[in-house]
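J.: Dumping the structure here so I can ask a few things about it.
The values are calculated or read from the model by the stated rules, or taken from the named source; none is laboratory data. Nothing here was measured: the structure is a model prediction, and the numbers come from that model. Glycine gets a Cβ as well: all are built from the backbone with ideal geometry, and neighbour counts include every protein chain shown.
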Amino acid sequence: MGRFAPSPTGPLHAGSLLAALGSLLHARAQGGLWHLRIDDIDPPRAVQGSVAAIQASLEAHALRFDGDIQYQSDHSYRYAQALQRLEAQGDLFHCTCTRAMLGAAGNCQKSCAQKKFAASEATCLRVKVPLNTVITLEDAFLGPQNWHLGQQLSNFVVRRRDGLYAYQLAAAVDDAAPAATQVIRGRDLLDSTPRQIFLQRRLGLPSPEYGHLPVLTDQHGAKLSKQQGASAVNNHQPLHNLRTALKDLGQPDPPAKLKDPVSLLAWSQSKWDPLRVPR
Ligand code: GLU
């Protein structure tokens, strides 16, 4: 079971279309379902109308998801339970460090873990990563990956100072099997994956299969992103957009006679080859 999990921070752009298409084809080629999850746990960054715009673009490209849309904002109870468990295991500590005080990896390097904070104090919650933590992964496209996570990152945020749940926690919980069995997304999230697997382990949750797709960049080499205002995909030229995305995914060019997105996708699904995805 695959999923596409955009944040509602703007319309679908060429880069997110690529992630949607890659995750759909990877799931469908194995006979799996494909879900749409809206990662709306960060209201300050949300842009009104994004969910409708994302849905309209998926529909225009015949990228049809199964079941109802899932919203992370409906899952707060799961994240609260996860934090309770981490807390009970002694995995968490409060931290008040400002950005300037953090280490290069965004880790707290002061003695916050030893400090007591008043309940009224605004703190973030961090999870401790034991020094000997090693995470290994067989990426669906990139092959074997491994991280000496404990050496790279001694701790990271699971609940933000403003009280919001951190992306790493929410994604780890929602992506744990059996809810998701495949997480196919852009390579810009590759360094989040060991953190999410680490959290799944601490929470006794099974990890899904992970695969990281190429990331599209603009003419200056910067990743296309909604926050940087990447332009929305043109819903009036779905065939062109899908053909371009298939090329970026290294997949064979569908025959010219296929003139509608549904048959184009059916053909591409039958030809989907993870080994052709550019590394
Ligand atoms: N919501 C995240 C984003 O739009 C991606 C989540 C994921 O695929 O894990 O960047």
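J.: Taking interchain pairs and intrachain pairs at least six residues apart, which have beta carbon atoms under 8 angstrom, with the first residue in the range 97-115 and farther than 12 Å from N155 by Cβ and the second not in a loop (DSSP other than H, G, I, E, B)?
T.: Correct list of pairs: K115/H94.
J.: Next up: Looking at the structure I just gave you, is A171 outside any helix (DSSP H, G or I) and crowded, with 21+ Cβ neighbours inside 10 Å? Quick ask: steps written out before the conclusion?
T.: On the way: outside any helix (DSSP H, G or I): no; crowded, with 21+ Cβ neighbours inside 10 Å: yes.
Considered against the rule, which asks whether it is outside any helix (DSSP H, G or I) and crowded, with 21+ Cβ neighbours inside 10 Å, A171 comes out as no.
J.: What tally of residues in the range 17-57 results from selecting those that are touching a helix residue (DSSP H, G or I) at 6+ places or on another chain (Cβ under 8 Å) and of a type in the set (S, T, N, Q)?
T.: Residues meeting the conditions: 1.
J.: Among the residues of the range 146-156, what is the count of those that are of a type in the set (S, T, N, Q) and within 16 Å of the ligand (Cβ to nearest atom)?
T.: The first filter runs over the range 146-156 and keeps only residues of a type in the set (S, T, N, Q), leaving 146, 151-152, 154-155.
Checking the rest, the ones that are also within 16 Å of the ligand (Cβ to nearest atom) come to none.
Summing the residues that are of a type in the set (S, T, N, Q) and within 16 Å of the ligand (Cβ to nearest atom) in the range 146-156 gives 0.
J.: Looking at the range 237-267 only, could you name the residues that are assigned to a loop (DSSP other than H, G, I, E, B) and either of a type in the set (S, T, N, Q) or over 27 Å from the mean Cα position of the chain (by Cα) (or both)? Talk me through it step by step, then tell me what you get.
T.: As a first pass, look at the range 237-267 and keep what is assigned to a loop (DSSP other than H, G, I, E, B): 237, 249-260.
Q237, Q251, D253, P254, P255, A256, K257, L258, K259, D260, listed by residue number.
J.: Within the set of pairs 6+ apart or on separate chains, which have a first residue in the range 120-146 that is aromatic (F, W, Y), a second that is surrounded by 12 or more Cβ atoms within 10 Å (Cβ to Cβ), and C-beta atoms under 6 Å apart?
T.: Filtered contacts from the range 120-146: F141/G211; F141/P274; F141/V277.
J.: Is at least one residue of the range 7-17 away from the ligand (no atom under 11 Å from the Cβ), outside any loop (DSSP other than H, G, I, E, B) and hydroxyl-bearing (S, T, Y)?
T.: Taking every residue of the range 7-17 in turn, none turns out to be away from the ligand (no atom under 11 Å from the Cβ), outside any loop (DSSP other than H, G, I, E, B) and hydroxyl-bearing (S, T, Y).
J.: Which one of R28, R3 is surrounded by 21 or more Cβ atoms within 10 Å (Cβ to Cβ) and charged (D, E, K, R)?
T.: Of R28, R3, the one residue that is surrounded by 21 or more Cβ atoms within 10 Å (Cβ to Cβ) and charged (D, E, K, R) is R3.
J.: So, one more: For the range 29-69: of the residues being of a type in the set (A, V, I, L, M, F, W, C) and part of a strand (DSSP E or B), which is nearest to L258 (Cα to Cα)?
T.: Of the range 29-69, the ones of a type in the set (A, V, I, L, M, F, W, C) are 29, 33-34, 36, 38, 41, 46-47, 51-54, 56, 58, 60, 62-63, 65, 69.
With the extra rule that they be part of a strand (DSSP E or B), the set shrinks to 34, 36, 38.
Working: W34: 23, L36: 26, I38: 31 Å.
Ranking the qualifying residues of the range 29-69, first place goes to W34.
J.: Suppose we keep only residues that are in a loop (DSSP other than H, G, I, E, B) and among the charged types (D, E, K, R) within the range 113-158. Which one would you say is nearest to the chain's Cα centre (by Cα)?
T.: Quick first cut of the range 113-158, residues in a loop (DSSP other than H, G, I, E, B) only: 115-123, 129-134, 140-142, 148, 153-154.
From what is left, the residues that are among the charged types (D, E, K, R) are 115-116, 121.
Details: K115: 33, K116: 34, E121: 31 Å.
In this case the residue turns out to be E121.
J.: Scanning the range 184-236 for residues that are of a type in the set (K, R) and outside any strand (DSSP E or B), which turns out farthest from H35 (Cα to Cα)? Give the derivation first.
T.: In the first step, residues of the range 184-236 are kept if they are of a type in the set (K, R); the result is 185, 187, 195, 201-202, 223, 226.
Applying the additional criterion that residues be outside any strand (DSSP E or B) yields 187, 195, 201-202, 226.
Numbers: R187: 20, R195: 23, R201: 24, R202: 26, K226: 21 Å.
It comes out as R202.
J.: Could you tell me how many of the residues in the range 157-187 are within 10 Å of the ligand (Cβ to nearest atom) and at pLDDT 95 or above? Let's see the steps before the verdict.
T.: Applying the first criterion (within 10 Å of the ligand (Cβ to nearest atom)) to the range 157-187 yields 167-168, 170-172, 174-175, 180, 183-186.
From the residues that got through so far, the ones that are at pLDDT 95 or above too are 167-168, 170-172, 174-175, 183-186.
The number of residues fulfilling the criteria is 11.
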